[in-house]
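The values are calculated or read from the model by the stated rules, or taken from the named source; none is laboratory data. All values derive from a computational prediction rather than experimental measurement. Reconstructed Cβ throughout: ideal geometry from the backbone, glycine too, with neighbour counts over all protein chains shown. Note: areas computed on protein heavy atoms with side chains; ligands, DNA, RNA excluded. Shrake-Rupley method; radii C 1.70, N 1.55, O 1.52, S 1.80 Å.
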Amino acid sequence: MTARSITIAAMLVGAVLAQAGGAPAETGVARAPATQGESLAVATDVRVGGDDKQTRVVVDLNRKIDVAVFTLADPYRVVVDLPQTTFKLPAKAGDQARGLVKAFRYGLIMQGGSRIVLDAKGPVRLEKAFVLDAAENQPARLVLDLIATDRATFMRNLTVENHPAPSLTAKRSEPPPKIEGDVRPLIVVDPGHGGIDNGTKGSGGELEKDIVLAFAQTLREKLESGGKYRVAMTRTEDTFIPLGERVRFARTRSAALFISVHADALPRREGQAEGATVYTLSENASDAEAARLAETENKADVIAGVDLTAEPDDVANILVDLAQRETKTFSMQFARIVVEELKTAARLHKHPLKSAGFKVLLAPDVPSVLVELGYMSTKDDLKQLTSATWRGRTAQALAQAVDNFFTPRVAGTGGGRN
Ligand SMILES: [Zn+2]
């Protein structure tokens, strides 16, 4: 290492420490919006080398950028925050385990900010983190040196170097100004995953985050076209939203209904499944598959490198809340109506109504369901999930279910919440 790069390393480590003691909420604010002026940084390649004692991660960049690096526990992660960056890395770059790194992900974490999250095999110490200028046929490079350590040291360093997830929640929690006199129910449509969190993957590289965003946009159009509802989406682009923030989004806007949209995939050893499933919140999962799915979907924050230590994780307590009981009844009613309507448009799972402890369904005062549109691991399902015709038909059925829920029927069990 040159004397120059050592100086840079010292500066950066200093910056990270200053962040820990200073005002972490400003991390995101201080960043210039990448869309203005300066063009986006581009990451062109990545190399991980070393062994179980010491591992070096090198990311090639088109120019020098500022980074902030911190660690997270349970599971052990190293998180690198950088200005909005276009990742042109080889396919499956993050899948390979090497040395102390099990796998890593990268992508947009908020407007103007990207993130790399490394899953560590165990407790690690961040020995060095620096960015080198381009020099002598070498591109600019981000270099991280990780050294194996014990849990006690890791946890001690955590309190020194760490800062909370940078203003991921603060900026987004502001509800929009309420339009006086508009008493139409607000439907919040929540496309799962986004940004650094791809969700599940199809055999042809299709990503759940893209499929559910396209579906959510179609659903929004269908709902708005009738003129009976206001619609808000937790995300309208490929960016990450923490699970708790999705719940807050619906609550602060006094939403009348929350619909989270996802697509499932079964691990290969678990065989095949097909069709759509509608999930509601419950403390005990309705079956093993529901439990497995909730666990997977609840990992979104871990995947994106959000510090969960401050998040309340108490499904049981919320469930005994009185408001929750009423909400639960409405959620169940809506879920049943969705299943009835989806029957007309899409293939359903053989047990289409299930429940489990999904974090995104935790709003105690907003009836909430999570719709798994189908299985990306099943060829026929994937074909439908990527078809515009299927999308339009299925979104129409879901919009009809919303209508049935809000319009009391003369006979039957549907709806009645207005
Ligand atoms: Zn999902």
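Observations on the structure shown:
- All conditions in (1) of a type in the set (Ser, Thr, Tyr); (2) over 30 Å from residue 119 (Cα atoms); (3) open to solvent by less than 40 Å² (accessible area, probe 1.4 Å); (4) modelled with pLDDT of 95 or more hold for residue 389, with the sole exception of (3).
- Count - residues of the range 61-81 that are out of contact with any strand residue (DSSP E or B) (no Cβ under 9 Å at 6 or more places or on another chain) and open to solvent by less than 50 Å² (accessible area, probe 1.4 Å): 1
- Which numbered condition residue 210 fails, given (1) more than 14 Å from the ligand (Cβ to nearest atom); (2) out of contact with any helix residue (DSSP H, G or I) (no Cβ under 8 Å at 6 or more places or on another chain); (3) within 30 Å of residue 83 (Cα to Cα): (1)
- Residue 247 vs. criteria modelled with pLDDT under 90, within 30 Å of residue 155 (Cβ to Cβ) and surrounded by 21 or more Cβ atoms within 10 Å (Cβ to Cβ): no
- Residue 215 vs. criteria within 16 Å of the ligand (Cβ to nearest atom), in a loop (DSSP other than H, G, I, E, B) and buried (at least 24 other Cβ atoms within 10 Å of the Cβ): no
- If you filter the range 37-56 down to residues that are in contact with an Asp or Glu (Cβ under 8 Å, 6 or more places away or on another chain) and among the β-branched types (Val, Ile, Thr), you find that the one that is surrounded by the most Cβ atoms within 10 Å (Cβ to Cβ) is 55.
- Filtered residues of the range 218-229 (kept if buried (at least 18 other Cβ atoms within 10 Å of the Cβ) and more than 16 Å from the ligand (Cβ to nearest atom)): 218, 220, 222, 223, 229
- Within the range 33-145, strands (runs of 3 or more DSSP E) holding 1 or more residues that are under 22 Å from residue 157 (Cβ atoms): 41-50, 54-61, 68-72, 77-83, 101-110, 113-120, 124-132
Residue-wise test of (1) among the basic types (Lys, Arg); (2) modelled with pLDDT of 95 or more; (3) out of contact with any Leu (no Cβ under 6 Å at 6 or more places or on another chain); (4) buried (at least 18 other Cβ atoms within 10 Å of the Cβ).
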residue	(1), (2), (3), (4)
59	no, yes, no, yes
83	no, no, yes, no
95	no, no, yes, no
113	no, no, yes, yes
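- The residues of the range 183-207 that are under 21 Å from residue 250 (Cα atoms), open to solvent by 20 Å² or more (accessible area, probe 1.4 Å) and either out of contact with any helix residue (DSSP H, G or I) (no Cβ under 9 Å at 6 or more places or on another chain) or within 12 Å of the ligand (Cβ to nearest atom) (or both), listed by number, are 183, 184.
- Residues located in the range 245-264, provided they are among the hydroxyl-bearing types (Ser, Thr, Tyr) and more than 16 Å from the ligand (Cβ to nearest atom): 252, 254
- Out of 412, 305, sole residue that is open to solvent by less than 10 Å² (accessible area, probe 1.4 Å), part of a loop (DSSP other than H, G, I, E, B) and either modelled with pLDDT under 90 or in contact with a strand residue (DSSP E or B) (Cβ under 9 Å, 6 or more places away or on another chain) (or both): 305
- Cβ pairs under 6 Å, 6+ apart, first in the range 387-407 and part of a helix (DSSP H, G or I), second modelled with pLDDT of 95 or more and among the basic types (Lys, Arg): 395/222; 396/222; 399/222
- Of residues in the range 265-301 being among the hydroxyl-bearing types (Ser, Thr, Tyr) and more than 13 Å from the ligand (Cβ to nearest atom), the one surrounded by the most Cβ atoms within 10 Å (Cβ to Cβ): 280
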